[in-house]
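Take a look at this one; I'll ask things after.
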Amino acid sequence: MRWSAVMPERSVNERPATVLVVDDTPAKLYILSSWLRRAGHRVVEATGGLEALAKVGELQPDLVVLDVRLPDISGYEVCEQIKADPVTSSIPVVQISGAAITSADRAEGLERGADAYLSEPVEPDEFTATIEATLRYYRARRRAERMSARMVALTEVTLAMNAAGTFDALLSVAVEGAARILDRYAGVLALPPDGLARRYTAVPPDGAAVSRSASADSLTALAAMVLGASAGTEVFTLSPDDWRKVMPDSAAEGGISAVVCRTKIGRPMVCIGVEGRLPLGTDELTILHQLGQALALAVDALGAYLEEHTIALTLQRSLLPQRIPDVPGLEISWRYQPAVDNIEVGGDFYEVLQLGERVLVGIGDVQGHSLHAATVMAELRHALRASLLGAVDLGASMALLNDVLRRYHPGMTATVCLILIDPETGEAELANAGHIPPILMDVHGGARYHRLGNLLLGVGQAAYQVDRLTIPEGGSVLMFTDGLIEDRDTPLDQSLEIARQLAESADDDLELFCERLIGRFGAREDDVALVVFRRAAGR
């Protein structure tokens with residue numbers, strides 16, 4: 001495989017222009033066209049104003065040389081119509097006349113849109129110099145407008161890459177953006193931190209990214225050849241055959257201009273290649289260079305985010321019960337679902353403890369999303385367990401949790417709901433500190449929320465009331481945190497009612513019921529913890 005550093009191609013400003021010459025006098029039309037052709041320009045001719053407007057719309061010439069006096073409409077009017085159309089308004093117009101030569105004529109021509117005005121007789125050198133000067137300004141303006149549009153598009157693509165939640169989405173955005181901005185076939189290869197090489201291709205203008213099989217070895221070899229063992233960004237060219245060694249089934253027909261980027265030694269590498277059948281100019285190479293750097297930085301950032309997210313989830317799960325005890329007479333199911341796109345750990349928790357013949361089922365939520373919230377949650381769980389070592393008193397346990405929060409974490413709040421049940425008799429005690437009331441489900445399909453409980457933890461000194469109830473044989477209880485039902489677009493009362501209605505049709509299999517409940521509310525912006533238990537029938 002051979003590669004070479006990219007050298008900027010001849011500037012677009014140096015390429016011959018297409019010039020439309022409009023004059024109804026054959027001799028004058030011939031002379032002006034001859035001067036332009038000798039200067040290296042491509043010439044298109046018209047003999048009337050309406051014909052000129054049609055050719056401007058069809059050909060989009062680089063410049064128009066326009067006689068003032070035409071047989072159908074005046075050159076002034078032709079110029080005004082060219083400048084009034086947003087599609088053609090940037091095309092420069094040089095007016096020329098042997099009859100309208102007064103200062104008033106020149107002033108009128110310039111006021112009505114002409115970029116230059118020449119009075120006959122005019123010397124060939126003056127004429128070509130005026131044309132070249134006008135074209136230089138026009139081309140500089142067009143280049144600035146094109147570069148500005150591309151920079152805006154580059155910014156949009158960069159923002160979209162940074163917002164991508166997966167490597168596949170990130171690379172799709174990158175390859176589609178490269179194809180659209182540079183208006184060429186594009187291919188992207190990357191070796192993200194997960195070690196799975198990926199490659200995508202796209203064809204402009206609106207071709208969707210297509211995933212292809214990729215070889216990590218080919219990308220590593222390419223990066224080693226271009227960058228060696230160092231970090232950095234390098235723009236280079238490859239022949240179509242060499243590009244296909246890296247990107248099999250490539251649709252590119254010409255040579256490839258590509259960029260390889262690695263932000264730091266040991267970091268993932270990325271490569272973006274675009275078809276170079278029409279050589280890239282200096283501005284386009286700059287865009288390609290910046291796209292490569294933006295993609296490499298986005299891959300690094302997403303890799304760091306996903307790694308931290310994995311660590312956060314591991315930490316969160318380590319703070320939750322590792323297993324739920326098998327309790328004779330009770331069927332218990334639970335779920336913990338982390339928030340979507342939230343890298344921080346939360347304070348949601350659940351607990352199931354066997355206390356002699358009785359079982360304690362608890363659920364709670366500490367305010368906030370942070371490592372601090374998670375550690376406070378762990379403290380409350382340990383404090384709860386400690387409070388149950390002697391005589392079991394739910395009111396005293398709640399008071400202890402409240403004291404722990406107020407003394408050691410002032411300003412923090414938490415909600416907790418505890419149910420202590422005897423599976424044999426169904427007798428239960430319930431204490432609720434500001435949590436969503438549990439849903440009580442009977443064997444006939446009825447479902448209702450238990451009444452509101454006591455003040456949430458951490459607010460002030462409080463005496464926590466304990467309610468006594470009986471769970472019938474076959475009866476069930478559903479407990480969940482507010483992350484399940486809170487939604488920006490749905491009133492809380494409506495979401496609570498949806499959960500209650502789902503509880504009315506709870507499946508015989510509680511695992512299936514949990515799946516149906518989670519699936520109904522979908523991906524959440526907050527953590528979700530839920531526990532549902534059913535007292536066995538026929539005991």
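Which of the residues belonging to segment 388-398 are part of a helix (DSSP H, G or I), small (Gly, Ala, Ser) and either in contact with a helix residue (DSSP H, G or I) (Cβ under 9 Å, 6 or more places away or on another chain) or within 16 Å of Leu353 (Cβ to Cβ) (or both)?
Start the filter on segment 388-398 by keeping residues that are part of a helix (DSSP H, G or I), which leaves 394-398.
Now drop any that are not small (Gly, Ala, Ser), which leaves 395-397.
Hits for segment 388-398 are Ala396, Ser397.
For Arg146, are the conditions met, namely being surrounded by fewer than 18 Cβ atoms within 10 Å (Cβ to Cβ), of a type outside the set (Asp, Glu) and within 22 Å of Val274 (Cα to Cα)?
So Arg146 fits the description; yes.
A further question on this structure: Do any residues in segment 260-271 that are outside the structural domain of Met225 (by TED's automatic domain parsing) and farther than 10 Å from Thr233 by Cβ have Cβ atoms under 6 Å from those of residues that are assigned to a strand (DSSP E or B) and of a type in the set (Gly, Ala, Ser), where the two are at least six apart or on different chains, and which pairs are they?
Taking only residues 6 or more apart or on different chains, not a single pair turns up.
Taking segment 497-520 on its own, how many of its residues are surrounded by 20 or more Cβ atoms within 10 Å (Cβ to Cβ) and modelled with pLDDT under 90?
1
Something else: Consider Ser211 carefully, then state whether it is among the polar types (S, T, N, Q), under 30 Å from Lys83 (Cβ atoms) and surrounded by fewer than 20 Cβ atoms within 10 Å (Cβ to Cβ).
No.
Can you name every residue in segment 56-105 that is surrounded by fewer than 19 Cβ atoms within 10 Å (Cβ to Cβ) and either acidic (Asp, Glu) or in contact with a strand residue (DSSP E or B) (Cβ under 7 Å, 6 or more places away or on another chain) (or both)?
Glu58, Leu59, Arg69, Asp72, Glu77, Glu80, Asp85, Ile101, Asp105, listed by residue number.
Pull up segment 216-233, narrow it to residues that are crowded, with 16+ Cβ neighbours inside 10 Å and either of a type in the set (Val, Ile, Thr) or under 26 Å from the mean Cα position of the chain (by Cα) (or both), then point me to the one that is nearest to Asp168 (Cα to Cα).
Leu219
What residue, among those in segment 262-285 that are basic (Lys, Arg) and in contact with a helix residue (DSSP H, G or I) (Cβ under 7 Å, 6 or more places away or on another chain), is nearest to Gly228 (Cα to Cα)?
Arg262
Moving on. Starting from segment 506-518, keep only residues that are assigned to a loop (DSSP other than H, G, I, E, B), then list their pairs with residues that are hydrophobic (A, V, I, L, M, F, W, C) whose Cβ atoms are within a distance under 7 Å, requiring at least 6 positions of separation or different chains.
Hits for this filter: Ala506/Met441; Ala506/Phe513; Asp507/Phe513.
Which residues, taken from segment 431-448, are surrounded by fewer than 18 Cβ atoms within 10 Å (Cβ to Cβ) and under 40 Å from the mean Cα position of the chain (by Cα)?
Matches in segment 431-448: Pro437 only.
Being buried (at least 24 other Cβ atoms within 10 Å of the Cβ), of a type in the set (D, E, K, R) and within 20 Å of Asp183 (Cα to Cα) is true for just one of Glu275, Glu253. Which residue is that?
Every option except Glu275 fails the conditions.
Another question, if that's okay. Cβ-Cβ under 8 Å, sequence separation 6+ or interchain: first residue in segment 110-136 and of a type in the set (Asp, Glu), partner at pLDDT 90 or above and part of a helix (DSSP H, G or I). Which pairs?
Listed by first residue and then by second, the contacts come to Asp115/Thr134.
Which of the residues belonging to segment 7-31 are closer than 30 Å to Asp241 by Cβ and modelled with pLDDT of 55 or more?
Pass one, segment 7-31, residues closer than 30 Å to Asp241 by Cβ: 7-12, 15.
Hit for segment 7-31 is Arg15, nothing else.
Just the residues that are touching a Phe, Trp or Tyr at 6+ places or on another chain (Cβ under 8 Å) and small (Gly, Ala, Ser), please, taken from segment 393-430.
If the condition is that a residue be touching a Phe, Trp or Tyr at 6+ places or on another chain (Cβ under 8 Å) and small (Gly, Ala, Ser), then Gly395, Ala399 are the ones that fit.
In segment 379-413, which residues are surrounded by fewer than 16 Cβ atoms within 10 Å (Cβ to Cβ) and under 19 Å from Pro325 (Cα atoms)?
His382, Arg385, Ala386, Leu389, listed by residue number.
Okay, moving on. Would you confirm whether or not segment 275-288 contains a residue that is in contact with a strand residue (DSSP E or B) (Cβ under 7 Å, 6 or more places away or on another chain), in a helix (DSSP H, G or I) and not basic (Lys, Arg)?
Scanning segment 275-288 turns up at least one residue that is in contact with a strand residue (DSSP E or B) (Cβ under 7 Å, 6 or more places away or on another chain), in a helix (DSSP H, G or I) and not basic (Lys, Arg).
Taking the options Val477, Val443, name whichever one is touching a strand residue (DSSP E or B) at 6+ places or on another chain (Cβ under 7 Å) and of a type outside the set (S, T, N, Q).
None of the other options fit; the residue is Val477.
Let's see how each residue does on (1) more than 25 Å from Ala414 (Cβ to Cβ); (2) small (Gly, Ala, Ser); (3) out of contact with any Gly (no Cβ under 9 Å at 6 or more places or on another chain):
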{"site": "Asn432", "(1), (2), (3)": "no, no, no"}
{"site": "Gly445", "(1), (2), (3)": "yes, yes, yes"}
{"site": "Gly453", "(1), (2), (3)": "no, yes, no"}
{"site": "Gly458", "(1), (2), (3)": "no, yes, no"}
{"site": "Gly475", "(1), (2), (3)": "yes, yes, no"}
{"site": "Glu486", "(1), (2), (3)": "no, no, yes"}
{"site": "Leu530", "(1), (2), (3)": "no, no, yes"}
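The values are calculated or read from the model by the stated rules, or taken from the named source; none is laboratory data. Every value quoted in this text rests on a predicted model; they were computed, and no experiment measured them. For neighbour counting, all protein chains shown are included, and Cβ atoms are generated from backbone atoms with ideal geometry for every residue, glycine included.
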